[in-house]
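Heads up: the structure comes next, in C-alpha cells.
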Amino acid sequence: MAGETSESNSSIVSLDHLPLALLATIMIKLDVASVCSVASTCTAFKACASHILSFIPSFHILEIAPSMELLRPLLLPNPWLKSVKVNCGRLDDSAIQILLQPSLEELCMLNCADFSGKLLSEIGARCKDLRSLCLGSVAEKRGRAIHISDLEELLSGCTQLQALILMFDVSSIYLRHNFAQVWALASEKLTSLEIGYISSLMVTELLCTNFVSHQPSNRIQPSILPNIHKLCLSVDYITDAMVGAISKGLLSLTHLDLRDTPLIEPRVSFDLTNSGLQQINQYGKLKHLSLVRSQEYVVTYFRRVNDLGLLLLADKCENMESIFLSGFCRVTDTGFKTILHSCSKLYKLRVSHGTQLTDLVFHDISATSLSLTHVSLRLCTLLTNHAVTSLASNKDLKVLDLRDCRNLGDESLRAISTLPKVKTLLLDGSDISDVGLSYLRQVVISSLISLSLRGCKKLTDKCISALFDGSSKLELQELDLSNLPNLSDNAVLLLAKSRIPLLELRMRQCPLIGDTSVMALASMQVDEERWHGNGLRLLDLFNCGGITPLSFRWLKKPYFPRLRWLGVTGSVNRDVVDALARSRPFLHVSCRGEELGVEQGDTADDVYMHDYDEMDELERWLAEDDYVDEDMVADEDMVNAEAVE
C-alpha cells in the first residue's frame, strides 16, 4: 500500500515543471483581469503572467480606474499591443508615455479630466497606426486646456484613423479662422465621427465649405470629412441650417444621430422646422436616424414640426432601418403611422415624449411587413393595453421599453408573455400588479437579461415570488426595483434565496429596504463553490429608509467582491461612507443620488477577487441577535467612523 502511494505521488507533476510556453499559450487567451486573477494563485502562474504581459495583443481595464502604481507593472512596452481601453479617472499626463504605444490600432481612454490637451498632440505623434480612437472628458478639470494645435496634431498624425469619438466640449477649442482647415487634415479613411458637444453654428460653417454654390451645376466638392458614414453630435440647437449642411455636405452618410439640449426656448432661426426635415436624407442612403431634444435644462419640444414634416421625411425613408424621434409634441398618429408604413425595412423604432401618439398607430401593424425587434415608447402617455397587444404580433421583439406609459396594466403583461425572445423589458411607472408579473414566469422570464419595474406602485413583496418561483437557469443580469413603496426586506430575502446571478440591482427610494437586505445580498450564494459569490457589480440603495451604519460592515471585503458602483445616502454617516471608500479604492461610492452606471467595454471582474471559506454569516446573525463579527471590529477605519456617530 505504501509503495502504491509513493508511486502515485511521484506521478504528480508540479505546475513549476510545466513548460512556460504551454502556460503562456493558455493565458494569452485571457483578458487582463483574468490574467491578474490567475497570477495570484501560484508562483508559476505569476511568473508566466509577468512574461505574457509583454506581448498580449489587448489591454482592457474599464470598470476600475487604475493608479499609476497599478498600471506601470501591468502595461509594459509591447510591440504586439493592438488595443488599449482604460478608465483614466486616476491618471494624468504622466501616464501618456505608458499608455501611448506605437503599435496601437485601437485606443479608448475614458474619464480623462486630469489630462491636458497634450494628450491629443501626443497621440498624433506616437500612434500613427490608430484605426479607432475614443477620448472622454479630456481637460475638464480646472486649469486644464486644449489648444487648436493639439487637435491639429492629432488629426494630421493619425492618418489611418477610421473611427473617432471625442466625448468632450469641442467648442472650447474653437478658433473661427482655422477650425475648418484643421478638420480638413482628418484622414480620408475616417468613416465614423462622434462629438460630445459642439455648437450648431460650428457644424454649419464646417460643412458649408464642402459645397460651392457659385458653380453652375452646384456640384458638391467633398473636402472635409468626405467619407463619413456615421455622424453623432450633441449640439446646443438642432437647426434647419445645420441639418441642410450635413445633408448636402456628407454624401455617404448612412447613420445620423443628433441631440440638442437648449438652454432657452429656441427662436425660429435656431430651430428645426418642416423645411429642415425635408432636407434630411436627400440621397436616400440613411439607414439610421435619431433626432432628440433633451429637456435637461428647460421643458421644450420641436414645436415647429408637425405631421407635414414627417410626411416629407417619409418620402425618402424607404431604406431606413432604425428611427428615434424625441420631443415631437405636434406630431399626431398620422405622422407616426406614415413613417411606419413607409419604412418597410424598419426593425428599431424609438419614440419619446410622443404626447399625441395613441394606440391607433399600431392598430394594423400586423398587416404590415414590419418585423420589429426593438421598440421604445417612453413617455407616450396616451398608450393603453391595446397598443401593446398589437405590438405583440412581432414575435421577434427583443427590446421593449414602455417606461412612463402610465395607462398600461396587467393586460399588457399578458400580451408580452407571448414573446419568447424578449431580453430587455422596461415597465417603469406602469399600472401593473403582482398578478400581472406572474404571466411572465412561463416564457419571458427565461429569456430576460434586463427588467425594470421602477415606480410601479402596486407591486409588493409578492412580485419576487410571482416572477421567480419555480424558475431555473435564468439569464437575468439587471433588475430595477426602485421607488416601490411596498417593497421590503422580505422581498430581498426571497431574491437572495433564488440565487439569480444578478450584475446590477437598483432599489433606490424604497423606504422599507434596510440592513437585512444588505446582509442577505452579501451572504447570497450564487453557486455551490463560493459562500460569498455575489456577483453584483452595481448596487443602488440611495435613500432606502432602513439603511444604517450596520449595513456598511457588510459592504466591506470579503463581501460583494465584484462591486464597482454603490449608491447610498451620505447623511447616514458621512464618516462611515468615506471610510468604506478608502477601504475599497476601486469602488465608486455615490451619495448625491445620481444614476449609477458602468462604462461600455470590457470588464475587470476578477482583478481583486479571492475565495473566502467562512460560514454563512447571515444565518449566524439571525441565530444570535448580539453576534458581532471580530473581523469587522478589527477594521479601524470603520470602527472609528461608527464611534463618531
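The values are calculated or read from the model by the stated rules, or taken from the named source; none is laboratory data. Computed from a predicted structure; not experimentally measured. Cβ atoms come from the backbone with ideal geometry, glycine included; neighbour counts cover every protein chain shown. Side chains are part of the model used for accessible areas, which takes the heavy atoms of the whole protein and leaves out ligands, DNA and RNA. Shrake-Rupley method; radii C 1.70, N 1.55, O 1.52, S 1.80 Å.
A compact table of results
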quantity: Failed condition for W565, given (1) at pLDDT 90 or above; (2) open to solvent by 20 Å² or more (accessible area, probe 1.4 Å); (3) at positive phi; calculated: (3)
quantity: Entirely in the range 398-477, the helices (runs of 4 or more DSSP H) that have 2 or more residues that are over 30 Å from T358 (Cβ atoms); calculated: 462-468
quantity: Residue under evaluation V422, criteria (1) open to solvent by less than 30 Å² (accessible area, probe 1.4 Å); (2) among the β-branched types (V, I, T); (3) more than 20 Å from the chain's Cα centre (by Cα), criterion not met; calculated: (3)
quantity: Condition check for L76: outside any helix (DSSP H, G or I), farther than 19 Å from P561 by Cβ and of a type in the set (A, V, I, L, M); calculated: yes
quantity: Helices (runs of 4 or more DSSP H) completely within the range 248-357 that count 2 or more residues being open to solvent by 10 Å² or more (accessible area, probe 1.4 Å) and in contact with a Lys or Arg (Cβ under 9 Å, 6 or more places away or on another chain); calculated: 274-279
quantity: Check on Q221, modelled with pLDDT under 95, open to solvent by 30 Å² or more (accessible area, probe 1.4 Å) and closer than 20 Å to I323 by Cβ; calculated: no
quantity: Residue match in the range 305-323 (condition: among the hydrophobic types (A, V, I, L, M, F, W, C), closer than 20 Å to H374 by Cα and touching a strand residue (DSSP E or B) at 6+ places or on another chain (Cβ under 6 Å)); calculated: yes
quantity: Answer from L397, L360 - the residue that is open to solvent by 30 Å² or more (accessible area, probe 1.4 Å) and either in contact with a Lys or Arg (Cβ under 7 Å, 6 or more places away or on another chain) or at pLDDT 95 or above (or both); calculated: L360
quantity: Residue pairs meeting the criteria (Cβ under 6 Å; at least 6 apart or on separate chains; first closer than 23 Å to L502 by Cβ, in the range 548-575; second at pLDDT 90 or above and part of a helix (DSSP H, G or I)); calculated: L550/D515; S551/D515; S551/V518; W554/V518; W554/M519; W554/A522; Y559/A522
quantity: Number of the exception - S369 against (1) touching a Ser or Thr at 6+ places or on another chain (Cβ under 8 Å); (2) closer than 15 Å to A392 by Cα; (3) modelled with pLDDT of 95 or more; (4) not β-branched (V, I, T); calculated: (3)
quantity: Candidates S472, S465, S447 - the one that is free of Cβ contacts under 8 Å to residues at least 12 places away in the same chain and over 15 Å from I432 (Cα atoms); calculated: S472
quantity: Residue count, the range 224-247 (criterion: in contact with an Asp or Glu (Cβ under 7 Å, 6 or more places away or on another chain), buried (at least 22 other Cβ atoms within 10 Å of the Cβ) and closer than 15 Å to K287 by Cβ); calculated: 0
quantity: Scan of the range 87-126 for residues that are more than 20 Å from G157 (Cβ to Cβ), of a type outside the set (D, E, K, R), in a loop (DSSP other than H, G, I, E, B) and open to solvent by 30 Å² or more (accessible area, probe 1.4 Å), ordered by number; calculated: G89, N111
quantity: Matching residues in the range 128-161 - criterion: being farther than 22 Å from D92 by Cα and either among the acidic types (D, E) or buried (at least 17 other Cβ atoms within 10 Å of the Cβ) (or both); calculated: D129, R131, L161
quantity: Residue in the range 570-585 that is among the hydrophobic types (A, V, I, L, M, F, W, C), at pLDDT below 85 and closer than 18 Å to I464 by Cα present; calculated: no
quantity: Of all residues in the range 484-528 being acidic (D, E) and outside any strand (DSSP E or B), the one that is farthest from I445 (Cα to Cα); calculated: D515
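Residues checked against (1) of a type in the set (D, E); (2) within 25 Å of L596 (Cα to Cα):
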| position | (1), (2) |
| --- | --- |
| N394 | no, no |
| S412 | no, no |
| S430 | no, yes |
| V443 | no, no |
| L453 | no, yes |
| T460 | no, yes |
| D480 | yes, yes |
| N490 | no, yes |
